[in-house]
Amino acid sequence: MEGWERIKLIMEQEGYNKNSFSATIGLNNNVTITRLINEERKPSRMTCEKIAQRFPQYNPNWILTGEGEMYREKEKETVSTPIDRQEEVQKANTNSQFISNVHPIENIGFMNVPLVHLRAQCGYLNGYGDQEYIDTLPTLPVIVDRTYHGNYRLFEAEGDSMDDGSRSSICDGDIVLGREVRRDLWQYHLHINDWYFIIIHRTEGISIKKIISHDVEHGIITCHSLNDMFRDYQLHLDEIAELYNLIKIVDRSARL
């Protein structure tokens, strides 16, 4: 793995785009990171040191040279004895009348994901393949309990075609997390029984559908809406710019 690939891997695993990654490691702009990745350049020692300082879980030598393990060895945690814990509880009871029922959750992190609002969807159809355009999109932090791999987007759902009143519905205004299905995988059977799909059509825009059949030989998918007011229809995969598995709903209004 080349140096630029290691930098890109860290950036993607931590959920940043080039703009936000550059800012978080202390660079004034995204020129260094953009040229490093786009032109497949060797990162400087200073850039690697900035990344290691910001993300201490990664092995600095691996970042710079590719040698050794990707992650540092975890420091041994200090284990408290039952007596220590009892003393801490007694001390807390002495200092306060109440004991909080709020506890920190370990191993929870955030991934910053580009968000495509309804008002930005026309622009997205023209700029989805341009990384500079993607870097201009707003981002939202998505809480995760594991490292995500792949290319992710957040999309704002529109309309009621996927709303049948059930708990499986995708409602108007929902913010959903999508993981891109690489184009080279479209020649095989899509996992249509596992996910809804976010379909980026070259001319018809962005839609969320359940794919009920995939004709691999002819490259045709049949799209289905949960709302029975909408008819099924077919699309040729050649007409589609991007395809995403809908992983989860990350935001939904509770307004009545």
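Results, tabulated for the structure shown:
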{"item": "Test result for I200, of a type in the set (V, I, T), touching a strand residue (DSSP E or B) at 6+ places or on another chain (Cβ under 7 Å), modelled with pLDDT of 90 or more and closer than 20 Å to D238 by Cβ", "result": "yes"}
{"item": "Residues being modelled with pLDDT under 85 and either assigned to a strand (DSSP E or B) or within 14 Å of N17 (Cα to Cα) (or both) - total across segment 138-147", "result": "4"}
{"item": "Flag for H214 being within 18 Å of D164 (Cα to Cα) and not hydrophobic (A, V, I, L, M, F, W, C)", "result": "no"}
{"item": "Looking only at segment 9-18, and only at residues there that are in a helix (DSSP H, G or I) and either β-branched (V, I, T) or crowded, with 19+ Cβ neighbours inside 10 Å (or both), the one that is nearest to the chain's Cα centre (by Cα)", "result": "M11"}
{"item": "Boolean, V113 is among the hydrophobic types (A, V, I, L, M, F, W, C), closer than 22 Å to I37 by Cα, in a strand (DSSP E or B) and in contact with a Lys or Arg (Cβ under 8 Å, 6 or more places away or on another chain)", "result": "yes"}
{"item": "Enumerated strands (runs of 3 or more DSSP E) restricted to segment 159-256, each holding at least 3 residues that are in contact (Cβ under 8 Å) with a residue 60 or more places away in the chain, in contact with a Gly (Cβ under 7 Å, 6 or more places away or on another chain) and closer than 26 Å to V113 by Cβ", "result": "240-251"}
{"item": "Subset of segment 19-45 [in a helix (DSSP H, G or I) and either touching a strand residue (DSSP E or B) at 6+ places or on another chain (Cβ under 8 Å) or under 19 Å from E2 (Cβ atoms) (or both)]", "result": "S20, F21, T32, I33, T34, R35, L36, I37, N38, R45"}
{"item": "Residue in segment 189-204 that is in contact with a Leu (Cβ under 8 Å, 6 or more places away or on another chain), farther than 22 Å from F155 by Cα and not hydrophobic (A, V, I, L, M, F, W, C) present", "result": "no"}
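The values are calculated or read from the model by the stated rules, or taken from the named source; none is laboratory data. Bear in mind that the values here come from a model prediction, so they are computed numbers and not experimental data. Cβ atoms come from the backbone with ideal geometry, glycine included; neighbour counts cover every protein chain shown.
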